[in-house]
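Notes to accompany the following structure.
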Amino acid sequence: GDSVTQMEGPVTLSEEAFLTINCTYTATGYPSLFWYVQYPGEGLQLLLKATKADDKGSNKGFEATYRKETTSFHLEKGSVQVSDSAVYFCALNKVYNQGGKLIFGQGTELSVKP
Amino acid sequence: GAVVSQHPSWVICKSGTSVKIECRSLDFQATTMFWYRQFPKQSLMLMATSNEGSKATYEQGVEKDKFLINHASLTLSTLTVTSAHPEDSSFYICSAGGGFLNTEAFFGQGTRLTVV
């Protein structure tokens with residue numbers, strides 16, 4: 001079946017370090033790909049998305065490129081801040097007109113130290 | 001952007017009682033909503049698809065008699081955890097599709113359920 005795999009956490013970085021969180025997926029067809037962020041005790045917020053191959057999603061300094069050849073959607077940020085500490089989820093959606101139906105990776109906890 | 005409101009944010013209940021969680025789309029209509037469950041430090045698992053005016057569709061392994069879903073209007077879906085037990089303690093999150101051609105997901109803020 002369809003699935004999403006993320007690198008395990010927690011990831012601990014110093015402020016201004018470079019961030020990469022790996023995400024690979026298994027799915028038939030042409031899914032849309034997403035990164036969501038969850039702050040402690042809160043729900044999920046959409047960070048960025050890409051709907052077709054080679055698309056690059058970007059937001060708040062975060063970027064991810066939809067690579068169909070490697071079935072990947074790795075999240076990157078050039079310089080992290082303490083406020084970026086959160087859990088990051090990679091997800092895919094295959095049902096085009098049911099945007100709320102997602103398959104999530106296991107989440108990667110990021111901790112940024114000053 | 002579209003807003004999905006979930007209530008309550010947290011609830012503590014005694015074993016054997018039932019708890020109802022509401023999920024509302026505040027500024028758009030949602031014919032379909034989704035309920036997820038998240039265990040501590042784990043991912044979100046889809047429990048069921050809530051369909052307005054019809055029965056919910058449950059994912060494999062989810063007890064439909066334990067987790068009752070009602071979607072009586074285009075803006076409200078409810079999840080009732082019946083005869084709750086400590087193992088039902090979890091974080092429950094709803095989502096609704098919206099945006100252009102219903103391709104975006106909007107999440108509620110989640111409900112922390114603790115059964116004692």
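Computed from the mean reciprocal separation of all distinct C-alpha pairs, what Kirkwood hydrodynamic radius does chain A have, in Å?
For chain A, inverting the mean 1/r across all distinct Cα pairs yields 14.1 Å.
Give me the distance in nm between label points sitting 7 Å out from Cα along the Cα-to-Cβ direction at B:Thr82 and B:His7, one decimal.
Output for this residue pair reads 2.5 nm.
How far, in nm, would the chain grow between A:Tyr30 and A:Lys113 when pulled straight, counting 0.36 nm per residue and subtracting the alpha carbon separation?
26.1 nm
Just add up the charged neighbours of B:Ser90: K/R +1, D/E -1, any other residue whose Cβ is under 10 Å from the Cβ of B:Ser90.
After counting each charged neighbour, the total is 0.
Counting only other chains, what is the mean number of Cβ atoms within 10 angstrom of the Cβ of each residue in peptide B:26-35?
Across the residues of B:26-35, the mean count of other-chain Cβ atoms within 10 Å is 2.
Cross-link partners among aspartates and glutamates for B:Lys41, C-alpha distance below 19 Å, same-chain residues fewer than 8 apart left out?
Straight-line reach from B:Lys41, under 19 Å: A:Glu8, A:Glu42, A:Asp84, A:Glu109, B:Glu87, B:Asp88.
Using the alpha carbons of segment B:1-110, what is the convex hull volume per residue in cubic angstrom, as a whole number?
102
So if a site counts as exposed when it's one of the trypsin sites (Lys or Arg not before Pro), its DSSP state isn't H, G, I, E or B, and it has at most 16 other Cβ atoms within 10 Å, what's the longest stretch of chain A without one?
A:1-51
Check each of the GluC sites (Glu not before Pro) in segment B:1-63 and keep only those in coil by DSSP with at most 15 other C-beta atoms within 10 angstrom; list them in order.
Hits after loop and neighbour filter: B:Glu59, B:Glu63.
How many angstrom separate the Cα center of segment B:49-79 from the Cα center of segment A:61-114?
Cα centroid of segment B:49-79 versus Cα centroid of segment A:61-114: 28 Å apart.
Among B:38-45, A:30-37, what's the highest-first ranking by average C-beta atoms within 10 angstrom per residue?
Top to bottom by mean Cβ count within 10 Å: A:30-37, B:38-45.
In whole Å, largest first, what are the principal axis extents of the Cα atoms in the protein assembly as shown?
48, 38, 33
Can you return the lysines within cross-link range of A:Lys56? Criterion is Cα-Cα under 24 Å, with same-chain partners fewer than 8 residues away left out.
A:Lys56 reaches A:Lys68, A:Lys77, A:Lys94, A:Lys101.
Bear in mind that the values in this text are calculations on the coordinates, not laboratory data. Since we're looking at a predicted model, the values are computed, not measured. Neighbour counts run over all protein chains shown; Cβ positions are idealised from the backbone, glycine included.
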